[in-house]
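See structure below.
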Amino acid sequence: MDRYQPPTRELKLARREARSERTVVRLESGASFGGDLLAIAAGPCSVESAEQIDATAKAVARAGANLLRGGAFKPRTSPYAFQGLGQRGLELLAAAAGRYGLGVVTEVMDPRDVPLVARYADMLQIGARNMQNFALLREAGESGKPVLLKRGLSATVDEWLMAAEYLLLAGNEKVVLCERGVRSFDQATRNVLDLSVVPLLAELTHLPVIVDPSHGTGIARLVEPMSMAAIAAGADGLLVEVHPDPASAVSDGSQSLRPEAFAGLMEALAPVAASVGRRLPAASLAA
Ligand code: PEP
Ligand code: MN
């Protein structure tokens with residue numbers, strides 16, 4: 001065997017051979033994943049306040065992101081940690097995105113919340129901790145909303161593709177994979193960002209793949225070099241945490257970029273994107 005082979009023959013819909021063309025996932029907001037245009041989702045880990053999400057949306061739109069991210073339902077290790085603003089967070093997120101011409105991607109954790117989150121979001125995020133929540137996969141699949149499926153904390157490529165298969169089998173073709181790092185023995189970074197899956201998945205599946213260097217490293221200063229590496233490796237976009245004041249963020253401040261650093265990242269990315277025949281979204285005129 002000269003390369004990894006998915007051990008499972010059941011991968012009927014997600015495997016590369018199932019489609020003649022690669023899948024391009026288009027959102028109602030105009031963002032797309034898988035074509036020449038890269039998808040750049042940026043924003044805070046958690047939606048915290050109207051001021052915080054407005055300032056972030058404005059800054060990331062100005063720098064050239066085309067999607068605003070931000071969690072309203074947060075999967076926290078501790079039940080005592082901030083759990084998210086819930087519906088109020090969704091309202092704030094969607095309003096801020098609308099003001100600056102951005103699409104919305106946000107996490108849904110509970111199958112019962114899929115209709116609610118789908119009302120505010122252009123794309124549902126299924127987080128690492130829920131990659132194999134099969135009830136959630138079925139519900140998100142049936143919703144027909146585009147889904148961003150993050151790789152599980154210690155999921156194999158095969159398990160991840162099988163989770164995508166649940167979405168496709170439920171009739172949802174708008175599925176994007178997101179590499180966000182996996183657990184390892186080494187505590188030097190929060191996770192080990194597995195960029196080798198980017199070109200590997202291009203062989204194994206027709207689905208687009210983006211990279212989250214924020215959760216992948218847990219360290220803000222590593223986000224720019226790993227973003228450049230991800231795009232060079234062929235990723236269809238990025239998910240980057242940005243916060244107007246990372247030191248005061250209620251979650252994931254240490255991996256969040258300040259707005260100026262995000263603008264610098266977008267400038268640094270332009271020649272990398274061009275070198276692999278891709279282009280960055282145009283900065284929003286609304287910002
Ligand atoms: C997030 O995007 O804020 C998040 C919780 O990510 P993950 O599910 O990859 O840990
Ligand atoms: Mn986070």
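The values are calculated or read from the model by the stated rules, or taken from the named source; none is laboratory data. Computed from a predicted structure; not experimentally measured. FYI the Cβ positions are ideal-geometry reconstructions off the backbone, even for glycines, and counts take in every protein chain you see. Side chains are part of the model used for accessible areas, which takes the heavy atoms of the whole protein and leaves out ligands, DNA and RNA. Shrake-Rupley method; radii C 1.70, N 1.55, O 1.52, S 1.80 Å.
Going through region 205-248 one residue at a time, which ones are aliphatic (A, V, I, L, M) and open to solvent by less than 10 Å² (accessible area, probe 1.4 Å)? Walk me through it before giving the result.
Kept after step one, since they are aliphatic (A, V, I, L, M), are these residues of region 205-248: 207, 209-211, 219-220, 222-223, 226, 228-233, 235, 238-240, 242, 247.
L207, V209, I210, V211, V223, A230, I231, A235, L238, L239, V240, V242, listed by residue number.
L265 - would you say it is of a type outside the set (S, T, Y), away from ligand 1 (no atom under 16 Å from the Cβ) and within 20 Å of R62 (Cβ to Cβ)?
Values: of a type outside the set (S, T, Y): yes; away from ligand 1 (no atom under 16 Å from the Cβ): yes; within 20 Å of R62 (Cβ to Cβ): yes.
Yes: the conditions hold for L265.
Going by the structure shown, is E241 charged (D, E, K, R), in contact with a Ser or Thr (Cβ under 7 Å, 6 or more places away or on another chain), closer than 16 Å to Q125 by Cα and within 14 Å of ligand 1 (Cβ to nearest atom)? Full working, then the answer.
On the way: charged (D, E, K, R): yes; in contact with a Ser or Thr (Cβ under 7 Å, 6 or more places away or on another chain): yes; closer than 16 Å to Q125 by Cα: yes; within 14 Å of ligand 1 (Cβ to nearest atom): yes.
Considered against the rule, which asks whether it is charged (D, E, K, R), in contact with a Ser or Thr (Cβ under 7 Å, 6 or more places away or on another chain), closer than 16 Å to Q125 by Cα and within 14 Å of ligand 1 (Cβ to nearest atom), E241 comes out as yes.
Hey, could you check region 23-73 for residues that are β-branched (V, I, T), crowded, with 21+ Cβ neighbours inside 10 Å and in contact (Cβ under 8 Å) with a residue 60 or more places away in the chain and say which is farthest from ligand 2 (Cβ to nearest atom)? So that I can check it myself, show each step before the final result.
Taking region 23-73 as the starting set, the residues that turn out to be β-branched (V, I, T) are 23-25, 40, 47, 53, 56, 60.
Now narrow it down to the ones that are crowded, with 21+ Cβ neighbours inside 10 Å: 25, 40, 47, 53, 56, 60.
Going one step further and asking which of them are in contact (Cβ under 8 Å) with a residue 60 or more places away in the chain, we end up with 25, 40, 56, 60.
Values: V25: 22, I40: 17, T56: 13, V60: 15 Å.
Looking at the filtered set, the residue picked out is V25.
Taking the options P111, P79, name whichever one is of a type outside the set (A, V, I, L, M, F, W, C), touching a helix residue (DSSP H, G or I) at 6+ places or on another chain (Cβ under 8 Å) and away from ligand 1 (no atom under 12 Å from the Cβ). I'd like the intermediate steps shown before the answer.
Values: P79 fails: touching a helix residue (DSSP H, G or I) at 6+ places or on another chain (Cβ under 8 Å).
Answer to the check: P111.
What's the total number of residues in region 223-238 that are out of contact with any helix residue (DSSP H, G or I) (no Cβ under 7 Å at 6 or more places or on another chain) and within 16 Å of ligand 1 (Cβ to nearest atom)? First the steps, then the outcome.
Of region 223-238, the ones out of contact with any helix residue (DSSP H, G or I) (no Cβ under 7 Å at 6 or more places or on another chain) are 225, 229, 236-237.
Then drop every residue that is not within 16 Å of ligand 1 (Cβ to nearest atom), which leaves 237.
Here the count works out to 1.
For region 167-181, give me the residue count where each residue is farther than 23 Å from G35 by Cβ and crowded, with 19+ Cβ neighbours inside 10 Å.
So in region 167-181, the residues farther than 23 Å from G35 by Cβ come out as 169-170, 181.
Within this subset, residues satisfying the condition of being crowded, with 19+ Cβ neighbours inside 10 Å are 181.
Result for region 167-181: 1.
Right, V192: away from ligand 2 (no atom under 16 Å from the Cβ), out of contact with any Lys or Arg (no Cβ under 6 Å at 6 or more places or on another chain) and open to solvent by 30 Å² or more (accessible area, probe 1.4 Å) or not?
When the stated conditions are applied, V192 passes them.
Being open to solvent by 40 Å² or more (accessible area, probe 1.4 Å) and away from ligand 1 (no atom under 16 Å from the Cβ), is that true of even one residue in region 249-256?
no
Being more than 21 Å from V250 (Cα to Cα) and either touching a strand residue (DSSP E or B) at 6+ places or on another chain (Cβ under 8 Å) or within 15 Å of ligand 1 (Cβ to nearest atom) (or both), is that true of even one residue in region 87-100? If you could, list the steps in order and put the result at the bottom.
In the first step, residues of region 87-100 are kept if they are more than 21 Å from V250 (Cα to Cα); the result is 98-100.
Okay, now just the ones that are also either touching a strand residue (DSSP E or B) at 6+ places or on another chain (Cβ under 8 Å) or within 15 Å of ligand 1 (Cβ to nearest atom) (or both), so 100.
Yes, the conditions are met somewhere in region 87-100.
Report, by residue number, each residue of region 150-166 that is farther than 16 Å from L200 by Cβ and either crowded, with 18+ Cβ neighbours inside 10 Å or basic (K, R) (or both). Reasoning before the result, please.
Going residue by residue through region 150-166, those that are farther than 16 Å from L200 by Cβ are 150, 152-154, 163, 165-166.
Across region 150-166, the qualifying residues are K150, G152, A163, E165, Y166.
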